[in-house]
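Novice: Just dropping this structure here.
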Amino acid sequence: MKPKQIERVPEQKAGGFHDTESQKALETALLKLKFEMLQERFFSVSRWKSYCGEGFADFKLYDSQGNGTERIPQKGDFMRIDIPGPGEKEAKGYDWVEVTDICFKEDNSSESIMMTCRPSRDPQNKKSRHIAHFYSDRATSTFMISRTSTHLKAAVYGRNETPNFNAGFIDTIRNLMVAAGGMMGISKIQWKKLSDGFLDFE
């Protein structure tokens, strides 16, 4: 199985990948209203866990200086991730990603928003350049929501997922175990919870 070729999703070159997608067909009269609700959920990073239930990672948005914020994400922002289980020891138990790209598209019949994140340093630790994540900084996750004339879609596209070996011994073992689980499909199950949760309007 090959990864989908999608504009603005980084090219797959090495390591694991996944294409996690959810769709919901709706009446034409409801599409724009529900897409507005979907946008609000998409940009409310700190509430992502509430759409997925227990057992999902807890996300918090931080600006480029490492200050917590509740606004719409911007390029250069960071997300702090608290995944179930032991975290990155060098980053106080958390994993971090940087928002490297945000793209908006709209025409007469469709609309989409994409946001790409890459494993990063801890922005609150100004002295360290250490990548505080179980994946290396070659990996990316691209989050997407879209509207067509018939349905809504939420998706997460993972590319170039390889373990972060640039860490202390304990963190390297932890990164290898978590990354291996992700590459074997565990992360896809987690992301499917998020994409399904985004579209659950009941």
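Novice: At a Förster radius of 35 Å, what calculated FRET efficiency corresponds to the Cβ-Cβ distance of Glu36 and Met1, to the nearest 0.05?
Specialist: 0.55
Novice: Turning to a different aspect of this structure: With 29 Å as the limit, write out which pairs from Lys105/Lys188; Lys2/Lys127; Lys2/Lys126; Lys4/Lys126; Lys34/Lys188; Lys75/Lys126 have Cα-Cα distances beyond it, or answer none.
Specialist: Correct reply: Lys2/Lys127; Lys2/Lys126; Lys4/Lys126.
Novice: Determine ³J(HN,Hα), in whole Hz, for all residues of region 121-133 in sequence, where each value follows from phi through the Karplus function 6.51 cos²θ - 1.76 cosθ + 1.60 and θ = phi - 60°; x replaces Gly and Pro.
Specialist: These are the phi-based 3J(HN,Hα) values: 6, 7, x, 8, 10, 5, 8, 10, 9, 4, 6, 8, 6 Hz.
Novice: For region 17-134, what ratio Rg/Rh do Cα atoms give with a Kirkwood hydrodynamic radius?
Specialist: On the way: Rg = 16.2 Å, Rh = 15.9 Å.
Over the Cα atoms of region 17-134, Rg/Rh equals 1.02.
Novice: Using θ = phi - 60° and the Karplus form 6.51 cos²θ - 1.76 cosθ + 1.60, what ³J(HN,Hα) does each residue of region 7-20 get, whole Hz, x for Gly and Pro?
Specialist: 4, 6, 8, x, 5, 6, 10, 7, x, x, 7, 7, 10, 10
Novice: Rounded to the nearest 500 deg cm²/dmol, what is the calculated helix-only ellipticity per residue at 222 nm for the chain, with -39500 (n - 2.57) per DSSP H run of length n ≥ 4?
Specialist: Taken over the chain, the calculation gives -7000 deg cm²/dmol.
Novice: Would you calculate the separation in nanometres between label points at Phe201 and Lys127, each defined as 7 Å from the Cα along the Cα-to-beta-carbon direction?
Specialist: Taking the simple label geometry, Phe201 and Lys127 are separated by 5.1 nm.
Novice: Subtracting the Cα-Cα distance from 0.36 nm times the residue separation, let me have the gained length for Thr150 to Asn108 in nm, one decimal.
Specialist: 13.8 nm
Novice: Looking at the square roots a ≥ b ≥ c of the eigenvalues of the Cα gyration tensor of the chain, which shape do they give, rounded for a/c under 1.5, prolate if a/b is larger than b/c, or oblate?
Specialist: Prolate is the answer for the chain, as a/c is 1.5 or above and a/b outweighs b/c.
Novice: Another one. Over the chain, with every protein chain in place, what whole percent of the accessible area is carbon and sulfur at 1.4 Å, could you tell me? Can you show the working numbers first?
Specialist: Details: 5550 of 10490 Å².
Carbon and sulfur atoms account for 53 percent of the accessible area of the chain.
Novice: Nearest 20 debye, what's the magnitude of the dipole of the chain about its Cα centre given +1 on Lys and Arg Cβ and -1 on Asp and Glu Cβ?
Specialist: With only Lys, Arg, Asp and Glu charged at Cβ, the dipole is about 400 debye.
The values are calculated or read from the model by the stated rules, or taken from the named source; none is laboratory data. Computed from a predicted structure; not experimentally measured. Positions of Cβ are generated from backbone atoms using ideal geometry, with glycine treated the same way; all protein chains shown enter the neighbour counts. Only protein heavy atoms, including side chains, enter the accessible area calculation; ligands, DNA and RNA are left aside. Shrake-Rupley method; radii C 1.70, N 1.55, O 1.52, S 1.80 Å.
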